Structure formats: structure tokens, C-alpha cells
Amino acid sequence: MRKDKILVFVPGYNVENTIERVFFGLIKIRSKLNFDILFVDNRSEDNTFEKLKELVENRKQKGVKLIRNPKNLGYGGSQKVAFRHAFRKRYDYLIEYDGDMQYPFLEVLSLYEKIKETGSSIVFGSRVTTKENISQMPFWKAFGNKFFNMVNKWALNIKVSEIHTGFRIYNLKNIKGFHLENCHNDYRWTMDSVIEIIKINNHLSEIPVKALYHKDSSSPSFKQLFKTMSYMFFRALKYKFLRI
Ligand SMILES: Nc1nc2c(ncn2[C@@H]2O[C@H](COP(=O)(O)OP(=O)(O)OP(=O)(O)O)[C@@H](O)[C@H]2O)c(=O)[nH]1
Ligand SMILES: [Mg+2]
């Protein structure tokens, strides 16, 4: 039987303080699971690209690729680059691991195990399944997350505890026909991508994960968050009442 072709994709924008640790952290766990790695530098203004270029060229690791976007394409725009690459190269699974290093590397293996066990279209690394994990998030973020999780469960008719996490694995065979072009290029991607995918296959699962909020991790600005949250609210209602 053919082995699964797995791609771990790392979106990065101004992550010069973490990207080297992400590079070595992912390389290390390749001894336990065979996967390729795609770094997508979203036109960082710091030294992210230079650091990555040096790592990718000098370390000569097999199956590691770096793409630099021609301009900043937004958070969602970078995801589209990864999806197009993964579909074109016929990967079976796509995993997102953020360049600001917010998730324990070994949990990549848990995401893969879970999707193999369940056959879901997406497995989310949920940050909110236990009190201890929720307490890692800034208070206002945890509060907003809780509210939107309730809205989403009701409006999208889903069971998973959160869909806003950036730590996910997709089963690409289960989501053929995914309309990337219907998704926004900014943080609204997080919501749009799930809606587009559940139209094709609504089998979603999750694993608990302890997200790390550390001095080098990045987050959306308040303005971006407000825009995204308002959108998510109305998008969920639109789905519920119009089923679109
Ligand atoms: N802000 C931002 N991040 C981007 C962009 N393109 C790629 N990224 C990367 O996308 C990843 C997630 O973005 P974050 O802003 O940290 O958002 P998040 O992790 O979902 O939010 P938190 O849970 O609050 O940390 C990070 O690794 C960023 O470096 C971009 O255009 N803007
Ligand atoms: Mg972050």
C-alpha cells in the first residue's frame, strides 16, 4: 500500500524570533512521521525570509521547500498558496503549523493519528477543551472564543469545540472541490474555509491542545479581531438561515 503523502505547511509573517526553532522542531519529529515541509513567507519585513533561505539551503533537508509570496497576501492568502501547492503535488494530508510556534511539535503526530482514526475532513487542535488549556489564552480571547463557539455549534450544526484554531490537519482526498476562491485572504479565512469544507464533507473532529502564548507569539490586532469577529457572527447567521 502507498504511504500517505503528508505536507506540513508553516505560514510566517515577521517570525524571525521563532522560525529557526520551528524549523528544527519539525525536522526533529520527522523521525516519527514522514512528512514534507512548506514554509510560506508572506513578505515579512524582518529577517524571516533570509533566515529561512539560509536554513533551507544550508541544511539541505529532503522535502523542505520555501515559497516567498510576491507581496503580502494576507493570512488567508498564504493558506491558499499552501493548498494550491498541496493539491497540485497530490498530497493526502495538509497540516498547518504556525510560524510563531504556538503549539507543541509532538501534537502534529496526534493530529495525524486522529484523522487516520476518524476519517474526518478536518481535525482541529482545540485550545478550549479543558480549563487548563483555556487558561493559557488571554482572557478576552478566551471569552470571545467561547461566545463564537456557541454560535458556530448552533448555526453550522457542528460538534467540535472550536474552529478558530490555526492548528489543523486536512484530509485533502475528502475535500476535493474545495472552493478556495470563496474564502477571504485575511483572518476571515478561518471561518470561510470551514464553511466551504463542511459543504463538501462535514465530518469534523478535534484533539485537545495546549496553545502557548509566549513573548514571541503573534496575534491579530484588536482592529483585525473586531473585523473578523463581526464577520464571523453574520457569516454564521447567513449560513444558518440561507444555507449558503
Ligand atoms: N498577522 C499576520 N500573520 C500572518 C500573515 N501571513 C502569515 N501569517 C502567520 O500566520 C500565523 C498565525 O497568525 P497569528 O497572527 O499568530 O494568529 P493566530 O495564531 O491565529 O492568533 P492567536 O491565537 O491570537 O495567536 C503566524 O505564524 C503568522 O506569522 C499575515 O499577513 N499577517
Ligand atoms: Mg499566533
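One residue stands out among those in segment 193-227 that are among the aliphatic types (A, V, I, L, M) and more than 13 Å from ligand 1 (Cβ to nearest atom): the one that is surrounded by the most Cβ atoms within 10 Å (Cβ to Cβ), which is VAL194. Whether a residue is touching a residue at least 12 places away in the same chain (Cβ under 8 Å), among the acidic types (Asp, Glu) and under 17 Å from LYS80 (Cα atoms) was assessed, and GLU206 does not pass this test. Can we say THR129 is touching a Pro at 6+ places or on another chain (Cβ under 6 Å) and either modelled with pLDDT under 95 or outside any helix (DSSP H, G or I) (or both)? When the stated conditions are applied, THR129 passes them. Report whether or not SER121 is away from ligand 1 (no atom under 13 Å from the Cβ) and surrounded by 15 or more Cβ atoms within 10 Å (Cβ to Cβ). Considered against the rule, which asks whether it is away from ligand 1 (no atom under 13 Å from the Cβ) and surrounded by 15 or more Cβ atoms within 10 Å (Cβ to Cβ), SER121 comes out as yes.
Working carefully through the options PHE233, PHE226, PHE178, find the one that is more than 16 Å from ligand 2 (Cβ to nearest atom), closer than 17 Å to PHE124 by Cβ, out of contact with any His (no Cβ under 7 Å at 6 or more places or on another chain) and not polar (S, T, N, Q). From the options PHE233, PHE226, PHE178, the qualifying one is PHE178. In this structure, is LYS141 of a type outside the set (Ser, Thr, Tyr), outside any strand (DSSP E or B) and either touching a residue at least 24 places away in the same chain (Cβ under 8 Å) or at positive phi (or both)? Spelling it out, LYS141 is indeed of a type outside the set (Ser, Thr, Tyr), outside any strand (DSSP E or B) and either touching a residue at least 24 places away in the same chain (Cβ under 8 Å) or at positive phi (or both). For beta carbons closer than 6 Å, sequence separation of 6+ or different chains, a first residue in segment 151-171 that is at pLDDT 95 or above and within 12 Å of ligand 1 (Cβ to nearest atom) and a second that is β-branched (Val, Ile, Thr) and in a strand (DSSP E or B), the qualifying pairs are ARG168/ILE122. Scanning segment 146-201 for residues being in contact with a Gly (Cβ under 6 Å, 6 or more places away or on another chain) and in a loop (DSSP other than H, G, I, E, B) gives a total of 6. Screening segment 190-217 for residues that are within 14 Å of the chain's Cα centre (by Cα) and within 14 Å of ligand 2 (Cβ to nearest atom) and picking the one that is farthest from THR129 (Cα to Cα) gives THR190. Only one of the numbered conditions (1) surrounded by 15 or more Cβ atoms within 10 Å (Cβ to Cβ); (2) closer than 24 Å to TYR170 by Cα; (3) away from ligand 2 (no atom under 16 Å from the Cβ) is violated by VAL10, and that is (3).
Taking the listed residues TYR112, TYR103, the one that is modelled with pLDDT of 95 or more, more than 15 Å from ligand 2 (Cβ to nearest atom) and not small (Gly, Ala, Ser) is TYR112, with no other qualifying.
The values are calculated or read from the model by the stated rules, or taken from the named source; none is laboratory data. What you see is a predicted model; the values in this text were computed from it and never measured. Heads up, the Cβs are rebuilt from the backbone with ideal geometry, glycines too, and the neighbour counts pull from every protein chain shown.
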